[in-house]
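Participant: Below you'll find the structure I mean.
The values are calculated or read from the model by the stated rules, or taken from the named source; none is laboratory data. Since we're looking at a predicted model, the values are computed, not measured. Virtual Cβ from ideal backbone geometry, glycine too; neighbours counted across all protein chains shown.
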Protein chains: 2
Amino acid sequence: MEQNFNLYHIFYTVARCKNISSAARELYISQPAISKAISRLETNLNTRLFFRSSRGVRLTEEGELLFHQVENAFLSISHGEEQLARIHKLGMGYLSIGVSSTLCKYVLLPILRPFVRENPHIQISISCQSSYETMQALEKGAVDIGLIGATDHMEAFTFLPVMEIQDIFVATRTYLDHVKERIFTDAPLSFKTVFAESTLMLLNKENITRQYVDRYLSQENLTAAQMIEVSSLDLLIEFAKTGLGIACVIRDFVLDDLADGRLLQLKMPVSIPKRQVGFAYLNTAPHLACVQKFLDFFADEAGRTAKTGPQGT
Amino acid sequence: MEQNFNLYHIFYTVARCKNISSAARELYISQPAISKAISRLETNLNTRLFFRSSRGVRLTEEGELLFHQVENAFLSISHGEEQLARIHKLGMGYLSIGVSSTLCKYVLLPILRPFVRENPHIQISISCQSSYETMQALEKGAVDIGLIGATDHMEAFTFLPVMEIQDIFVATRTYLDHVKERIFTDAPLSFKTVFAESTLMLLNKENITRQYVDRYLSQENLTAAQMIEVSSLDLLIEFAKTGLGIACVIRDFVLDDLADGRLLQLKMPVSIPKRQVGFAYLNTAPHLACVQKFLDFFADEAGRTAKTGPQGT
DNA sequence: TATTTACTATAAACATCGGTTATAGTATAA
DNA sequence: TTATACTATAACCGATGTTTATAGTAAATA
């Protein structure tokens, strides 16, 4: 292994600048220093890394390969340094959570409240992003914990279930009556028939939920007359309540509306499978004490509700 | 950003050795040199990285965080160096492919043959491993190309479809007759009934195929009287041909057996959705010329069969 | 309790490696 | 042709990181 890692730093800078002189400016050292450093690295690795010309330099094929790995390496290190900086600025009580906007409002905020009350000294940062981005951020170490729906391909993560969610289809009574009128019948309609005559409202494609629902729809061979895509669950619920069509929403988030009859849940012959939502964290990465505290907090919580749950409510 | 990356190398070594003295031995420099280097790094980062004692050193919480990132960095770099070494040893014509054992025999080998014939100078290395491992290897740069079934969560990859596969259930005629006898009827049996009375043979849990089939089974509410798990598709087919039960296999791989009647395909009301199999590669990573050549080769291939396919065969 | 052992830290001397300045060479643009 | 914007080479030099030597500390052993 190359012993002098400063050479990699120089290599990295030159490759980005595509130009030895400007790399020199960026690194605040002289042009010949860089020139020599690159030559040295090439000698040590026994590989030509750049094509030189009077217009600058260009990575060779091998240089390109190396650059990719070196870039990763430096990103990793600067990430590490950022983490340390964060600790200094904000103290050790710092916790960053990645979560989708849907889950943020309805799941994270409620369960976060008791933790924040008990641990006011712990700074919490929340990044709303897609579940996929959250998983990426976890892998890069950009967030400590993610709140996401369980999927396959989570081998790299430890998953701590928090709640189970059930996707259902809802609409207003008015809307459904409307559909019935259109078909000229008073007889009870099948789920599939209602569906075929309705406007279906879903989250847009980026959403994991949407992918999940799409799979269900294709498996059950369900198609709607019309489709509307919406970017947030809140909007989706609003659209449903104004009687625009049938929306696919998470049951727990519309309990009130179901209770007072503003929304009706469509009866389905085969319901959409339930999904686990929970905290995920990289099982290789080390944790700050406060992250551990957070996880313990919810592990206890889960234990308690598991015990008291059956008797309560 | 810390300017002296050699300090990180020393830090990395010390953290692994948990001991300054043995790190000194490993790095072939003196113990005081290390001791000072670590102090310097701590000063620069403004962070205590190790607890010292007369028994050695231990990472602090912050040190642990940093170590995680630094480890990543060095793994990346040594990966890069290995790639270069590979190129030197084997010349530029080197291509490594990750593939599951199932797909290797039935998919990769046949389609690889023409490529190898046309490009005898290109060294090819094939690693048989699970699809998950293949994706990991792609991300680490350990293999250039993976041959895997398409799934969700492939945002990081470019996917080049090669064929479509269809999972089906097969058994010998003898076996099915047997099942009928047991139920004391000559009437044609439903798929579900036959299933409930049979031994079902599947690949074991690690396999992506299995996960796919499991999902189907639970959605269709299918259960078998007995289950056998097998580690390879070859074995599975053998088991089916000896009349041990109903096996779930990939249709294209048993065409001969279906043609000459050694195996029968069970008719299903809802068939298992088809799956795409194809080459995947990281869309961020650069490619050696020969990797590009490989991809182009199959892109052309796909183009040709798409054009000539309808008229041919 | 004394002694040995296995660590890390500090100090001073010193050599090396990587930096600087100065200059030459080369391709492209004006 | 000249000007410009690059990279390469040479000779020199000094900071940085090395070494040796020594001290300090905690645990293990007698």
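Participant: When the residues of the stretch B:114-143 are filtered to those that are charged (D, E, K, R) and over 12 Å from the mean Cα position of the chain (by Cα), which remaining residue is farthest from B:L90 (Cα to Cα)?
Facilitator: In this case the residue turns out to be B:K140.
Participant: Is it true that some residue in the stretch B:89-105 is within 16 Å of DNA strand D (Cβ to nearest atom) and either under 18 Å from B:Y8 (Cα atoms) or of a type in the set (K, R) (or both)?
Facilitator: no
Participant: Give me the pairs: first residue in the stretch B:47-71 and facing chain A (nearest Cβ under 9 Å) and within 16 Å of DNA strand C (Cβ to nearest atom), second residue outside any loop (DSSP other than H, G, I, E, B) and of a type in the set (S, T, N, Q), beta-carbon distance under 9 Å, and six or more apart or on different chains, which are they?
Facilitator: Correct list of pairs: B:E62/A:Q83.
Participant: If a residue has to be surrounded by 15 or more Cβ atoms within 10 Å (Cβ to Cβ) and over 15 Å from B:R16 (Cβ atoms) to count, how many in the stretch B:42-53 make the cut? Lay out the reasoning, then the answer.
Facilitator: Looking only at the stretch B:42-53, we keep the residues that are surrounded by 15 or more Cβ atoms within 10 Å (Cβ to Cβ), and these are B:42, B:45, B:47, B:49-50.
Going one step further and asking which of them are over 15 Å from B:R16 (Cβ atoms), we end up with B:42, B:45, B:47.
Qualifying residue count for the region: 3.
Participant: Right, something else. Among residues belonging to the stretch A:26-46 that are of a type in the set (G, A, S) and within 9 Å of DNA strand C (Cβ to nearest atom), point out the one that is farthest from the other protein chains (Cβ to nearest Cβ).
Facilitator: My answer is A:S35.
Participant: A:V70 fails exactly one of the following numbered conditions: (1) modelled with pLDDT of 90 or more; (2) within 22 Å of B:L27 (Cβ to Cβ); (3) within 15 Å of DNA strand D (Cβ to nearest atom). What is the number of that condition?
Facilitator: For A:V70, the exception is condition (3).
Participant: Another question, then. Any residue in the stretch B:6-15 that is more than 12 Å from chain A (Cβ to nearest Cβ), under 19 Å from B:Q69 (Cα atoms) and away from DNA strand D (no atom under 11 Å from the Cβ)?
Facilitator: yes
Participant: So for the stretch B:171-181 (the condition being within 30 Å of A:M154 (Cα to Cα) and modelled with pLDDT of 85 or more), does at least one residue qualify?
Facilitator: The answer is no, given that none of the residues of the stretch B:171-181 is within 30 Å of A:M154 (Cα to Cα) and modelled with pLDDT of 85 or more.
Participant: A further question on this structure: For the list (1) within 30 Å of B:A137 (Cα to Cα); (2) touching a Phe, Trp or Tyr at 6+ places or on another chain (Cβ under 7 Å), I need the number of the one condition that A:M135 fails.
Facilitator: (2)
Participant: Moving on to the next point. Do you know which residues across the stretch B:4-24 are of a type outside the set (G, A, S) and within 9 Å of DNA strand C (Cβ to nearest atom)?
Facilitator: Our first condition is that a residue be of a type outside the set (G, A, S); within the stretch B:4-24, this holds for B:4-14, B:16-20.
Result: B:N6, B:V14, B:C17, B:K18, B:N19, B:I20.
Participant: If you don't mind, there's one more thing I want to ask. Taking the stretch A:256-270, which residues are exposed (fewer than 10 other Cβ atoms within 10 Å of the Cβ) and either in contact with a Lys or Arg (Cβ under 9 Å, 6 or more places away or on another chain) or at positive phi (or both)?
Facilitator: A:D256, A:G261, A:P269
Participant: Let me ask something else. Which fully enclosed helices (runs of 4 or more DSSP H) of the stretch A:190-286 have 1 or more residues being within 14 Å of chain B (Cβ to nearest Cβ) and of a type in the set (A, V, I, L, M)?
Facilitator: Of the helices (runs of 4 or more DSSP H) lying wholly inside the stretch A:190-286, those with at least 1 residues that are within 14 Å of chain B (Cβ to nearest Cβ) and of a type in the set (A, V, I, L, M) span A:208-220.
Participant: Being of a type outside the set (S, T, Y) and surrounded by 19 or more Cβ atoms within 10 Å (Cβ to Cβ) is the filter here; which residues of the stretch B:276-286 pass it?
Facilitator: The answer is B:V277, B:G278, B:F279, B:A280, B:L282.
Participant: Restricting to the stretch A:30-46, name every residue that is free of Cβ contacts under 8 Å to residues at least 12 places away in the same chain and either away from DNA strand D (no atom under 12 Å from the Cβ) or among the polar types (S, T, N, Q) (or both).
Facilitator: A:S30, A:Q31, A:S39, A:T43, A:N46
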